[in-house]
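Peer 1: Below is a structure I'd like to ask you about.
The values are calculated or read from the model by the stated rules, or taken from the named source; none is laboratory data. Small disclaimer: the values here were computed from a predicted structure and weren't measured. Backbone-built Cβ (ideal geometry, glycine too); neighbour counts: all protein chains shown. Surface accessibility is based on the protein's heavy atoms, side chains included, excluding ligands, DNA and RNA. Shrake-Rupley method; radii C 1.70, N 1.55, O 1.52, S 1.80 Å.
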Amino acid sequence: SEAATTPSAVTFPKSFLWGSATAAYQVEGGHAAGGRAPSIWDTFSKTPGKTHGGDTGDVACDHYHRFREDVALMKRLGLNVYRFSVSWSRVMPDGVTVNPEGLRFYSDLVDELLNAGIIPWLTQYHWDLPQVLEDAGGWANRETAYAFENYAVVLHEALGDRVRQWTTLNEPWCAAFLGYANGHHAPGRTEPSFALAAAHHLLLGHGLAVHRLRERDPELELGLTLNFTDYRPADPASAGDVDAARRLDGSFNRFFAEPIFHGTYPADALEDQAGLWPDDLIHAGDMELISTPIDVLGVNFYTGELLTGADPGEASAAAASARTEGGPNPNVGSEHVSSVRRGLPQTAMGWEVYPQALRDLLVRLHTDYTAEAGVALYVTENGAAYDDVVEADGSVQDTQRLDYIRRHLRALHEAMEAGADVRGYFVWSLLDNFEWAFGYAKRFGIVRVDYQTLERTPKASAHWFAGVARTGVVD
Ligand code: GBH
């Protein structure tokens, strides 16, 4: 039935970039190698009860020692670009002093990529704050934003001659609200006002870094990656449901996009969060820094959700809390909102597969923010976890993941036809890896990792994606 309803193939522009993404703590391992100090994720994952089965990133995919093999694999797959993140505590173990051995790892990785003809796409921060900085108050402390600016300069000094694509932050919503309000992520704090402070200081750190890097190097391509969910009212005729969708759109999507592009927090979100904001958080000049012009908006997209403001009943409430494994609601100021299932197939994360939302989201971002600002869109993460089965011959026929990626690429292409300036797509993830609080139980890779032997095996989705990267055609 799939084949009968599949429309004809779509072709992407020759210049479109095909890539894969990972993050330092999720793949590197080498947790104590070369002078690296602990990050908040080392501490959190070693705290009993915080991650699935007590899993940690101590070894992960051992990418720290196997990066040459991984780059060779990407080259074989014909990928154009690799999005990786830097472990801040590897490069600046005490948060201040530069560790040359830590920098050398990234310098070697970048050289290896360039020699393989792969563009290095660097993310400065993918959630792993040096523990010493958390001990000083973490992102709830304004000083962390200035430390982040210094870290940007250290990286640029060492790598700026070869790395031209620069992402400051990955998903500040998760870092702030899952880390400081809901506690499902490191540092595991549950204080709504800290989460709001963290969100503002993350954005301030971004603004300081962009401002500084632009001064040093006007030609650098600068941006950040935000996570977006397309929220719709479960019942468009219900005022409560319409309000619910407005609220999470405000606190999750617009909360970060508005400051970046328009230099203000959304008024409705501020109202929803009234009484929760710490006094004197926003200083004169902060919003100007935060809205320093960028070149690229990275979009991480996994699903679209229907929301209700009504009591959803026990089944839905259970489904909603399973997403964050309990803990206080991360949607501070809108705790009564819950999601309602569309009844569509779900990934192993329990996220519904709804590619149409990616099309709608990209068109909306283009219309509301990026077109006017002359900013290019890249989908910096998209992909799915499934319970893969290894066949007797060792292969992995991950047809559900392949189909997820195919349908989202078709939706992305529709957005481009509707005018959205999307220039590249990164599948999440290159490798099965440490899926944060879910540990190694959830596999997102197009390449399987055997955690006993650390052997890599490209899945069917990887072979298919290599064909897409080679031809620009999605069948
Ligand atoms: C991304 O996060 C990460 O950047 C990446 O490191 C990670 O491995 C990947 O996706 C896969 O998870 O249930 O209240 O948290 C995506 C995180 C998950 C954040 C879904 C929003 C829904 C709201 N997103 N979550 S909640």
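Peer 1: Does segment 246-253 include one or more residues that are among the polar types (S, T, N, Q), closer than 27 Å to Thr303 by Cα and away from the ligand (no atom under 16 Å from the Cβ)?
Peer 2: Checked against the condition, which is being among the polar types (S, T, N, Q), closer than 27 Å to Thr303 by Cα and away from the ligand (no atom under 16 Å from the Cβ), segment 246-253 yields no hits at all.
Peer 1: Within segment 202-223, is there a residue that is part of a helix (DSSP H, G or I), touching a residue at least 24 places away in the same chain (Cβ under 8 Å) and touching a Gly at 6+ places or on another chain (Cβ under 7 Å)?
Peer 2: Scanning segment 202-223, I find no residue that is part of a helix (DSSP H, G or I), touching a residue at least 24 places away in the same chain (Cβ under 8 Å) and touching a Gly at 6+ places or on another chain (Cβ under 7 Å), so the answer is no.
Peer 1: Just the residues that are touching a helix residue (DSSP H, G or I) at 6+ places or on another chain (Cβ under 7 Å), within 15 Å of the ligand (Cβ to nearest atom) and outside any helix (DSSP H, G or I), please, taken from segment 161-201.
Peer 2: Once the filter is applied, which keeps residues that are touching a helix residue (DSSP H, G or I) at 6+ places or on another chain (Cβ under 7 Å), within 15 Å of the ligand (Cβ to nearest atom) and outside any helix (DSSP H, G or I), segment 161-201 yields Thr168, Leu169, His184, His185, Ala186, Gly188, Thr190.
Peer 1: What number of residues in segment 122-144 are farther than 10 Å from Pro38 by Cβ, among the hydrophobic types (A, V, I, L, M, F, W, C), in contact (Cβ under 8 Å) with a residue 60 or more places away in the chain and open to solvent by 10 Å² or more (accessible area, probe 1.4 Å)?
Peer 2: Selection size over segment 122-144: 2.
Peer 1: Given the criteria over 17 Å from the mean Cα position of the chain (by Cα), over 30 Å from Gly188 (Cβ atoms) and without any contact (Cβ under 8 Å) to a residue 60 or more places away in the chain, does Leu402 qualify?
Peer 2: no
Peer 1: Return only the number of the condition from (1) open to solvent by less than 10 Å² (accessible area, probe 1.4 Å); (2) out of contact with any Gly (no Cβ under 9 Å at 6 or more places or on another chain); (3) closer than 25 Å to Pro120 by Cα that Gly383 does not satisfy.
Peer 2: (2)
Peer 1: Among the listed residues Arg406, Arg401, which satisfies the condition of being closer than 18 Å to Phe426 by Cβ and away from the ligand (no atom under 14 Å from the Cβ)?
Peer 2: Answer to the check: Arg406.
Peer 1: Taking Asn115 as the residue in question, decide whether it is surrounded by fewer than 23 Cβ atoms within 10 Å (Cβ to Cβ), touching a helix residue (DSSP H, G or I) at 6+ places or on another chain (Cβ under 6 Å) and of a type outside the set (Val, Ile, Thr).
Peer 2: no
Peer 1: Further question: Just checking, does segment 29-39 include any residue being buried (at least 19 other Cβ atoms within 10 Å of the Cβ), modelled with pLDDT of 95 or more, within 20 Å of the chain's Cα centre (by Cα) and not small (Gly, Ala, Ser)?
Peer 2: no
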